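In what follows, a structure is listed as structure tokens, so that the remarks can point back to it.
The values are calculated or read from the model by the stated rules, or taken from the named source; none is laboratory data. Since we're looking at a predicted model, the values are computed, not measured. So basically every Cβ, Gly included, is an ideal-geometry build from the backbone, and we count neighbours across all protein chains shown. We work out accessible area using only protein heavy atoms, side chains counted, and drop any ligands, DNA or RNA first. Shrake-Rupley method; radii C 1.70, N 1.55, O 1.52, S 1.80 Å.
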Amino acid sequence: MRKEKELEKLNKKMLACGKCILRSQCKQVVPGSGSANAEIMFIGEAPGKKEEELGVPFVGAAGKFLDEMLAVIKLKREDVYITNTVKCRPPENRDPTSEEKAACWSWLEGQIKIIQPKLIITLGRHSMNLFLPDKKISEVHGKAIKRNYPGLGEQTFFTLYHPAAALYNGGLRETLIKDFKKIPKVLKLINKK
Ligand code: URA
């Protein structure tokens with residue numbers, strides 16, 4: 001209960017954020033959704049049109065695909081926490097800038113500190129770059145990497161291709177599904193330690 005209340009408080013504060021220009025241009029902040037007690041936290045790039053409309057991350061086509069993959073490993077979105085590197089939709093769905101990601105970092109950091117996930121799963125290059133800027137997604141996707149991250153301590157990261165990128169690319173789609181299926185084993189290994 002403590003984590004839920006803390007997360008609720010943080011996510012409410014986010015609604016009044018004015019740290020970058022995105023807030024003034026978006027319709028609604030999309031803080032994140034799922035369980036405050038989740039062992040797994042998924043971090044995507046930025047909310048899109050549908051996410052902005054509903055105030056919930058990953059509810060469009062990429063989100064549907066994410067739900068399908070979660071079902072394959074017998075998880076529902078209520079079992080995990082899903083959020084993004086920035087909480088406001090960039091105009092025309094452009095990539096978030098480094099300044100915007102930096103401005104939004106304290107919110108994401110706050111969410112991670114409250115939830116204390118065992119495993120952070122980055123979806124796509126933007127999200128991976130926040131935590132593993134020295135890595136290439138083509139080389140580290142589907143691999144668990146342990147890092148001592150400033151402010152967060154020791155944390156395990158698992159990198160996946162973004163579901164939107166894999167939607168219309170058969171090869172990438174297969175790779176993503178294959179990587180996704182490794183998640184339960186990675187989590188089991190973490191919980192054994
Ligand atoms: N893509 C993202 O990166 N995040 C969302 O919330 C939706 C699509």
Can you tell me how the range 40-132 classifies by the Cα gyration tensor, rounded, prolate or oblate, using a/c under 1.5 as the rounded cut? oblate
Chymotrypsin sites (Phe, Trp or Tyr not before Pro) lying in DSSP loop within the range 135-192, provided at most 15 other Cβ fall within 10 Å: Y168
Simple spin-label estimate for K193/K113, 7 Å along Cα→Cβ, in nm, reads 2.3 nm
Accessible surface of the chain, 1.4 Å probe, proportion on carbon and sulfur as whole %: 53 percent
Between I121 and residues 5 or more places away or on another chain, the pairs with built amide H atoms under 5 Å apart involve M41, F42, I43, F158
Residues whose modelled amide H sits under 5 Å from the amide H of Y149, counting only those 5 or more places away in sequence or on another chain, are E154, Q155
Where Rh is the Kirkwood radius over Cα pairs, Rg/Rh for the range 29-192: 0.92
Find the accessible area per residue for the chain; the probe is 1.4 Å, ligands and nucleic acids are left out, and the unit is Å². 51 Å²
Where the only charges are on Cβ atoms (+1 Lys, Arg; -1 Asp, Glu), what is the dipole of the chain about its Cα centre, to the nearest 20 debye? 540 debye
Cys residues of the chain with no disulfide-compatible partner (no other Cys Cβ under 4.7 Å) are C17, C20, C104
Express the C-alpha Rg of the range 10-94 as a ratio against the empirical globular expectation 2.2 N^0.38 Å, rounded to two decimals. 1.08
